[in-house]
Amino acid sequence: MAELRGVGVGRGIAAGVVLRMPEPLAPPSTEPLAGDAAEETQRVQTALAAVAAELSERGRTAGGEAQEVLEAASLMAQDPALADDIAGRIGQGTNGERAVHDAFDQFKTMLIALGGYMAERATDLDDVSQRVVARLRGVPAPGVPESDVPFILLARDLAPADTATLDLERTLALVTQDGGPTSHTAILARSKSITAVVGVEGLLAAVEDGTRVIVDAKTGLVALDPTDAEVEAATAEAETRAARADAPITDGALADGTKVPLLANVGRPEDAAKALELGAEGVGLFRTEFLFLDAKEAPSVASQTDSYTRMLQAFEGKKVVVRVLDAGADKPLAFLNDAEEENPALGLRGIRALRASEQILRDQLEALAAADAATNADLWVMAPMIANQEETEYFVALGREHGLKTVGAMAEVPSIAVLADQVMEAADFVSIGTNDLTQYTFAADRMLGTVASFQDPWHPAVLRLIQMLGEAGAAAGKPVGVCGEAAADPALAVVLVGLGVTTLSMSPAAFADVRAELLEHTLEQAKAKAAASLTATTAQGARDAAAAA
């Protein structure tokens, strides 16, 4: 039985017959415009509006994290700069389809060059462009194929609109050739509890339509042409894992009783109910960007206070870790920093941008303090992109000035790990954002496919940085959490605990798998797995070492 390897998402396993995603539409013709430019421009504008409405409606239907991603895609289709660019091209004699294709392609190249958050959005532009061109041609947009029987979907990658609206009754599993553990495909698959393996090199060349396969997210393996006995074994294993996931919800803990609180990553107060339903013991990352990103000016203290109060009320008596605005040149906000930078991912972002516009930070801290005073949740506040003790001291002092009790730092820059002992002197806690920590450790943009192989938090280089933070936290008697996507990988969650991490925060859909995995190991076993992982030389070597320990 031949096997292909990728990165598994979650702990699911499935067996079935492959159905491949159709290839993208052929590129538009370069033939010049034959008709009237004004009429062609209007035709394109109508198509853009229709696609924007369709994506927005899909988002409302999907809800949760998928809605945020699809709303962002909808806004792309409504971008006035894009519309003006397309109209200008048509006015110069380019046909409508080609004008759309070229304008979106240029915009995509620009966003990728910006890196970071904007590069994340750039990866979705191809899908929006294809949908507009398909509407202009009068053909169906490329997407998930129809099937009357359950299937395993194979694709180069999936657009957010496709992943978010997959028919879970028909789709047994998802396998992609591109993407990594922090791609939109992986994040949405995890949030919808879809068995998935991403980043499978050589997938499309090796697997034909109709091939029977076994997809095992736990091992990251895709087995080709399994025997009937192997399929039966995989089906039995799937039932066992499903039963484990349906077990009564308990607080996160290891087999020896060591507590490992499982917290939720949430982006809006409306996400609270679902997180609690799935067993969240609190919030480990409340992203406040939703209040800022589409605003023309900074939101008022009153409006912020209202949003924070609603979140804290939903988690009465529980810990809620709020990250202040994580923005800057790679998430340009006119009222914060709209200056162009050569390399914005390494520029004025996170705490650096907030220090440069301190009143915005002060207003946010004032609102958080007011919400804290009005509720009974246990509020913790942290700043993004903290690099050293001086920045930590600055933010902690500002938090104290506003009456906040628990103030900490987010570890995303490698320097904070190297200086962990110093940072722990000033911070009440540290929370590790493994997505950015990984990309900055390897100087590899996490949304660029050309360097996707570096974006793996299992790499010993990343694990050793986490170990530094864990050991410094233990020495200082201060908590160290993880709120990046790494916490949602059950096997890695055990290793993180072994490295000294005290809490894990993730998409609530990952709770069941992580909770079950933790219960299979004692603290000593977790430490043994962590120690074995640190001796490896590659990310896959670390996975294998942990599994064997």
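The values are calculated or read from the model by the stated rules, or taken from the named source; none is laboratory data. Just so we're clear, the structure is a prediction, and the values are computed from it rather than from any experiment. Neighbour counts run over all protein chains shown; Cβ positions are idealised from the backbone, glycine included. Ligands, DNA and RNA are excluded from the accessible area calculation, which covers all protein heavy atoms including side chains. Shrake-Rupley method; radii C 1.70, N 1.55, O 1.52, S 1.80 Å.
Taking residues in region 143-156 that are surrounded by fewer than 22 Cβ atoms within 10 Å (Cβ to Cβ), and partners anywhere that are outside any strand (DSSP E or B), the pairs with Cβ atoms closer than 6 Å and at least 6 places apart or on different chains are 143/162; 147/170; 150/170; 156/177; 156/178. For region 184-199, filtering for residues that are open to solvent by 10 Å² or more (accessible area, probe 1.4 Å) and of a type in the set (Gly, Ala, Ser) leaves 3. Restricting attention to region 275-318, the residues that are under 24 Å from the mean Cα position of the chain (by Cα) and among the hydroxyl-bearing types (Ser, Thr, Tyr) add up to 3.
Matching residues to (1) of a type in the set (Val, Ile, Thr); (2) surrounded by fewer than 13 Cβ atoms within 10 Å (Cβ to Cβ); (3) more than 25 Å from residue 413 (Cβ to Cβ); (4) out of contact with any Phe, Trp or Tyr (no Cβ under 9 Å at 6 or more places or on another chain):
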site	(1), (2), (3), (4)
224	no, no, yes, yes
273	no, yes, yes, yes
296	no, yes, yes, no
301	yes, no, yes, yes
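Restricting attention to region 254-269 and to residues that are in contact with a strand residue (DSSP E or B) (Cβ under 9 Å, 6 or more places away or on another chain), modelled with pLDDT of 95 or more and open to solvent by 10 Å² or more (accessible area, probe 1.4 Å), the residue that is farthest from residue 71 (Cα to Cα) turns out to be 259. Just one of (1) hydrophobic (A, V, I, L, M, F, W, C); (2) at pLDDT 90 or above; (3) open to solvent by 20 Å² or more (accessible area, probe 1.4 Å); (4) not in a helix (DSSP H, G or I) fails for residue 205. It is (4). Do we have residue 66 as open to solvent by less than 10 Å² (accessible area, probe 1.4 Å) and either within 17 Å of residue 138 (Cα to Cα) or among the β-branched types (Val, Ile, Thr) (or both) here? Against the criterion (open to solvent by less than 10 Å² (accessible area, probe 1.4 Å) and either within 17 Å of residue 138 (Cα to Cα) or among the β-branched types (Val, Ile, Thr) (or both)), residue 66 does not qualify.
Consider region 218-232 and keep the residues that are among the small types (Gly, Ala, Ser) and at pLDDT 90 or above. The one that is nearest to the chain's Cα centre (by Cα) is 223.
When we screen 235, 250, 305 for residues that are modelled with pLDDT under 90 and open to solvent by 20 Å² or more (accessible area, probe 1.4 Å), the only hit is 250.
When each of 480, 495, 514 is tested for being open to solvent by less than 10 Å² (accessible area, probe 1.4 Å) and either farther than 24 Å from residue 323 by Cα or without any contact (Cβ under 8 Å) to a residue 40 or more places away in the chain (or both), the lone residue that passes is 495.
Among the residues that make up region 419-429, is at least one of them modelled with pLDDT of 95 or more, part of a helix (DSSP H, G or I), within 17 Å of residue 326 (Cα to Cα) and open to solvent by less than 10 Å² (accessible area, probe 1.4 Å)? Scanning region 419-429 turns up no residue that is modelled with pLDDT of 95 or more, part of a helix (DSSP H, G or I), within 17 Å of residue 326 (Cα to Cα) and open to solvent by less than 10 Å² (accessible area, probe 1.4 Å).
What's the number of the only condition in (1) under 17 Å from the mean Cα position of the chain (by Cα); (2) not in a helix (DSSP H, G or I) that residue 321 fails to meet? Among (1) under 17 Å from the mean Cα position of the chain (by Cα); (2) not in a helix (DSSP H, G or I), the lone unmet condition for residue 321 is (1).
Residues that are of a type in the set (S, T, N, Q) and within 21 Å of residue 199 (Cβ to Cβ) were ranked within region 500-549; the one that is farthest from the chain's Cα centre (by Cα) is 537. Got at least one residue in region 405-413 being in contact with a Lys or Arg (Cβ under 7 Å, 6 or more places away or on another chain), buried (at least 22 other Cβ atoms within 10 Å of the Cβ) and modelled with pLDDT of 95 or more? Yes, because at least one residue in region 405-413 is in contact with a Lys or Arg (Cβ under 7 Å, 6 or more places away or on another chain), buried (at least 22 other Cβ atoms within 10 Å of the Cβ) and modelled with pLDDT of 95 or more.
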